[in-house]
Amino acid sequence: MKFRLPIIGLILISILTCAQDKNPVNKENNHEVIVSGLNIPWGFTFLPDASILINEKSGKLIHFKNGTKTEVTGLPEVYVRGQGGLMDIILHPDYKENGLIYFSYASSEGEGDGGNTTIARAKLKDNTLLNLEILYKAEPNSKRGQHFGSRLVFDNDSYLYFTIGDRGNRDVNPQDITRDCGKVYRINDDGSIPKDNPFIKEPNAKKAIFSYGHRNPQGMTLHPKTGKIWTHEHGPKGGDEINIINKGKNYGWPIISYGVNYSGTKFTELTEKDGMEQPLHYWDPSIAPSGMAFINSDKYGDWDGKLLVGSLKFQYLDMCTIKNNKVIKEERLLDGLGRLRCVEQGPDGYIYVGIENLGIVKLIRK
């Protein structure tokens, strides 16, 4: 008995040491709270008048204007379970002309019990959503509470990309292109399928799929110079990834991975395989990434061009220095403020970050 406590203590110290994130803290930054009193601001976007539309995961769409928060009416019914709820929101590239707003949410409509990720668009008038259209609904529904995705990005050709996680069914969904989930999708802005999508001619394939073999991508952004779609996704224990998304490619989940089961056991011996893409970068330990944006302005000096990724687990904004498509340096910004859920560059060139149980903050470089 006298040896048990020291041994257990050593084991706990070892586990805790392995679980710590080693990225250094950058102290050249501060923040200003722009919108307070939010719970889980899953996604937000700026309107042309500089007001902000904010999706609370619980199913509320908030319009923040002139210091006042107003709840927008007209949302469809949102299925709130686990990681699912009201998620991302963006504007059409030609919003000033067409007034279209796009958002993702979990819905119980369709086949089966539970819910799954849905993409919709609508117009906003007097804080009410009008002309709601469902553009895509993942099938079938599931009662599982994990891995809904789901980020939204328009590319330079006005194609809409969105992500849907594997919904916790890793051994079935991600590698099967006849099934939804565990994929990055591409559609036209009206929900129709582009004629050059990679699996348009594959029998029984989900024609909207653009890439597959993903676990749970909760970050996606357009590279400001190359126009390529970048994503990150949650690994299991270890193995969170950054990927550049290419048409028709297989990103390997769960055949290859740099992570293990949460219990510490292995589910695969492979970290690479012919025909499967390698990540640009992976984290071990996992940082639980959510939200993603490049700095593409002159507001931060030589930080221009750096990639920003929110960490839910370690509660900081990870600033990644990229060289030749490799992450060569990482630094912690906004350290310890809370779980960072979403990251956007505003029309003023400043970076804004949604932080759980705090709100939306503006990143300031000292």
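The values are calculated or read from the model by the stated rules, or taken from the named source; none is laboratory data. Since this is a predicted model, take the numbers as computed values, not measurements. No Cβ is skipped: glycine too gets one built from the backbone with ideal geometry, and neighbour counts run over all protein chains shown.
Observations on the structure shown:
- Out of ILE101, ILE62, ILE52, ILE89, sole residue that is more than 19 Å from VAL153 (Cβ to Cβ) and of a type outside the set (D, E, K, R): ILE62
- Identification of strands (runs of 3 or more DSSP E) wholly contained in the stretch 248-345 with 2 or more residues that are hydroxyl-bearing (Ser, Thr, Tyr) yields 316-323.
- Residues in the stretch 103-146 that are closer than 16 Å to LYS60 by Cα, out of contact with any Asp or Glu (no Cβ under 8 Å at 6 or more places or on another chain) and of a type in the set (Ser, Thr, Tyr): 2 in all.
- Listed by first and then second residue, the pairs with beta-carbon distance under 6 Å, at least 6 apart or on different chains, first residue in the stretch 345-365 and closer than 15 Å to GLU32 by Cα and of a type in the set (Ser, Thr, Tyr), second modelled with pLDDT of 95 or more and outside any strand (DSSP E or B), are TYR350/LYS299; TYR352/GLY346.
- Within the stretch 200-238, being hydrophobic (A, V, I, L, M, F, W, C) and either surrounded by fewer than 21 Cβ atoms within 10 Å (Cβ to Cβ) or closer than 19 Å to ARG339 by Cα (or both) holds for ILE200, ALA205, MET220, LEU222.
- Counting only residues that are surrounded by fewer than 17 Cβ atoms within 10 Å (Cβ to Cβ) and either hydrophobic (A, V, I, L, M, F, W, C) or more than 22 Å from GLY219 (Cα to Cα) (or both), the stretch 81-94 holds 1 of them.
- Filtered residues of the stretch 239-256 (kept if in contact (Cβ under 8 Å) with a residue 24 or more places away in the chain, surrounded by 15 or more Cβ atoms within 10 Å (Cβ to Cβ) and farther than 16 Å from VAL309 by Cβ): LYS249, ASN250, TYR251, GLY252, TRP253, PRO254, ILE255
- One residue stands out among those in the stretch 348-366 that are under 12 Å from LYS299 (Cβ atoms) and of a type outside the set (Gly, Ala, Ser): the one that is surrounded by the fewest Cβ atoms within 10 Å (Cβ to Cβ), which is ASP348.
- The single condition from (1) under 25 Å from PHE44 (Cα atoms); (2) buried (at least 24 other Cβ atoms within 10 Å of the Cβ) that MET319 fails is (2).
- Within the stretch 129-184, tally of residues that are surrounded by 17 or more Cβ atoms within 10 Å (Cβ to Cβ) and aliphatic (A, V, I, L, M): 9
- In the stretch 125-138, the residues that are under 15 Å from GLU111 (Cα atoms) reach residues that are at pLDDT below 95 and surrounded by 14 or more Cβ atoms within 10 Å (Cβ to Cβ) with C-beta atoms within less than 8 angstrom, at least six apart or across chains, in these pairs: LYS137/GLY110.
- Some residue of the stretch 327-337 being in contact with a Ser or Thr (Cβ under 6 Å, 6 or more places away or on another chain) and surrounded by fewer than 20 Cβ atoms within 10 Å (Cβ to Cβ): yes
Condition check ((1) without any contact (Cβ under 8 Å) to a residue 40 or more places away in the chain; (2) over 19 Å from TYR136 (Cα atoms); (3) out of contact with any Pro (no Cβ under 9 Å at 6 or more places or on another chain)) across all residues:
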site: VAL184; (1), (2), (3): no, no, no
site: SER192; (1), (2), (3): yes, no, yes
site: ILE200; (1), (2), (3): yes, no, no
site: LYS206; (1), (2), (3): yes, no, yes
site: GLN218; (1), (2), (3): no, no, no
site: LYS228; (1), (2), (3): yes, yes, yes
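- Filter result for ASN141 (modelled with pLDDT of 95 or more, polar (S, T, N, Q) and at positive phi): no
- Sole exception among (1) under 22 Å from the mean Cα position of the chain (by Cα); (2) exposed (fewer than 13 other Cβ atoms within 10 Å of the Cβ) for ILE40, by number: (2)
- Qualifying positions in the stretch 43-80 - of a type outside the set (Gly, Ala, Ser), surrounded by 14 or more Cβ atoms within 10 Å (Cβ to Cβ) and closer than 25 Å to ARG144 by Cα: ASN55, GLU56, LYS57, LYS60, LEU61, LEU75, PRO76, VAL78, TYR79, VAL80
- Every residue from the stretch 274-302 that is farther than 19 Å from ILE245 by Cα, surrounded by fewer than 21 Cβ atoms within 10 Å (Cβ to Cβ) and over 14 Å from the mean Cα position of the chain (by Cα): ASP284, PRO285, ASN296, SER297, ASP298, LYS299, TYR300, GLY301, ASP302
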